[in-house]
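Data block below; observations after.
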Amino acid sequence: SGHKVALLSGGGKTADALKALGVKVTECKSISGLPLSLGAARSSLLSLLREYKPDLVHAHTRKSLFLCESVRPAIPFPLVFTAHAKFQNGGIKGLFTKPPRHTLAVSEDIKRHFAACFGADADNITVIENGIDTDRFSPKEKTAAHNILTVSRLDRDCSLSAELLCTLAPRLARIYPDFRLTVVGGGNDLQKIKELASRANAAIGRKAVVCAGRLCDVLPQIRECDIFAGVSRAALEAMSCNKPVILCGNEGYFGI
C-alpha cells in the first residue's frame, strides 16, 4: 500500500520473518530487560525515531508502551497500543501501564477491563475482533488418528488448557493406543508444562505428549490434529480448518 514499516524489538522468529519480508528491523535486547534497562532501550528508540520520523507508532506490549511513553516528552509522536489480554493492574505492573490516547482492543470484554482497571477513556478504545484468513486456514484431509492440539501462550494466566490435557493424557492413552497430544506455545509456565508432559509420557510408556514450544506458523499442526482444545484466535483458526473445537482456557471466550 506504499507504507513504510520499521520494527524495534527484542528479536525472535517473528522479527526474522518480518525482516525477510523487507521490514526494517532493529534488534534491541534491552527491551526484554525493562524497566531495569530503560536507559539503553530509550537510546535505541530515540535513535530510530530521529532516523525514521514515523507518522504513527504502535506499541504491542506493556513494556513497549512504557518505553514509548518514556520518550514522548523528548520526541512527541502519535501512539496507539494494543490491549490483547486482561492485563493485571496490581503492584508494579499497574504503574507501568499508562493508557495512551488511542487503544485497540481485541474484544469487548478486554475493552471494558482496560477502561475500568487503567482509567482509559472507553470512547478512545477501538475493538478490532480477531480475523482469520479463511483461504489459508482451510480444511485438508486429516492424516492422524487420535491427535489433540492446544495452542496458547504458556504463561501462568493462560496455561490451563495445556495443564489439564497433560494431566488427562495417561487416561486418554489407555482408551486410544495411538493417542497423541501436541502443546504449542511458550511463556513463564513452559517449564511446568514440560514437567507435566514428561510425567505423562513416563506413565504412558512412550512419547505421547510433545511440547513444541513457540511456533510462528501453526497451520501444519492444526491440519494434522483431530481435535483442538483452546481459546481465542487459535480456536478460530482450528474452526476455519473444520476441526472439532473444545473451548478450554483461563479466558479468551465469551462463556458457555
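The values are calculated or read from the model by the stated rules, or taken from the named source; none is laboratory data. None of the values given here were measured: they were computed from a predicted structure. In this analysis, Cβ positions are derived from the backbone assuming ideal geometry, glycine residues included, and neighbour counts consider all displayed protein chains. Each accessible area value is taken on the protein alone, full model and side chains, heavy atoms only, with ligands, DNA and RNA left out. Shrake-Rupley method; radii C 1.70, N 1.55, O 1.52, S 1.80 Å.
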Qualifying trypsin sites (Lys or Arg not before Pro) in region 60-123, DSSP loop, other Cβ atoms within 10 Å at most 13
Arg101
Under 22 Å from Lys24, Cα to Cα: lysines that are on another chain or at least 8 residues apart:
Lys4, Lys13, Lys53, Lys63
Cα-based Kirkwood hydrodynamic radius, region 22-109, one decimal, Å:
13.8
Can you compute the charge dipole magnitude of the chain about its Cα centre, using +1 on each Lys and Arg Cβ and -1 on each Asp and Glu Cβ, nothing else charged? Give it in debye, rounded to the nearest 20.
660
What's the long-distance tail for region 148-256, i.e. % of Cα pairs beyond 17 Å?
49
Computed [θ] at 222 nm, helices only, for the chain once each DSSP H run of length n ≥ 4 contributes -39500 (n - 2.57)
-11000 deg cm²/dmol
Region 89-139, Cα convex hull volume normalised per residue, Å³
114
Label point 7 Å beyond Cα of Ile132 along Cβ direction - residues of region 177-197 with amide nitrogen under 19 Å
182-185
In a Gaussian network model of the chain with springs linking alpha carbons closer than 10 Å, the residue among Lys243, Lys207, Lys194 that fluctuates most is Lys207
Taking the alpha-carbon centre of each part, the distance from region 20-47 to region 158-206 in Å is 36
Straight-line reach only, C-alpha to C-alpha below 23 angstrom: list the lysines that Lys243 could link to, leaving out same-chain residues fewer than 8 apart.
Lys140, Lys142
For the chain, built as a Gaussian network whose Cα springs stay under 10 Å, the top-fluctuating residue of Val210, Val23, Val184
Val23
Note: Arg199 to Lys24 extended length (0.36 nm per residue) minus current alpha-carbon separation gives 58.6 nm
How far apart, in nm, are two points set 7 Å out from the Cα along the Cα-to-Cβ line at Lys140 and at His3?
3.0
Over the chain, what is the relative contact order in whole percent, taking alpha-carbon pairs under 8 Å and six or more residues apart?
13
When N counts the residues of the chain, how does its alpha-carbon radius of gyration compare numerically with 2.2 N^0.38 Å, as a ratio?
1.13
With point charges of +1 on the Cβ of Lys and Arg and -1 on the Cβ of Asp and Glu, referenced to the Cα centre of region 180-232, which listed residue (Val231, Val210, Asn188) lies farthest in the positive direction of the dipole?
Val210
Output the relative contact order of region 99-228, whole-number percent, from Cα pairs under 8 angstrom with separation of 6+ residues.
26
Which percent of the accessible area of the chain is formed by carbon and sulfur heavy atoms (probe 1.4 angstrom)?
54
Can you give me the accessible area per residue for the chain, using a 1.4 Å probe, in Å²?
57
Given C-alpha coordinates of region 31-82, what is the ratio Rg to Rh with the Kirkwood estimate of Rh?
0.92
Among Cys158, His84, Gly33, whose Cα sits farthest toward the positive end of the charge dipole of the chain (+1 at Cβ of Lys/Arg, -1 at Cβ of Asp/Glu, about the Cα centre)?
Gly33
Report relative contact order for region 178-222 in percent, whole number only (criteria: Cα-Cα under 8 Å, sequence separation at least 6).
52
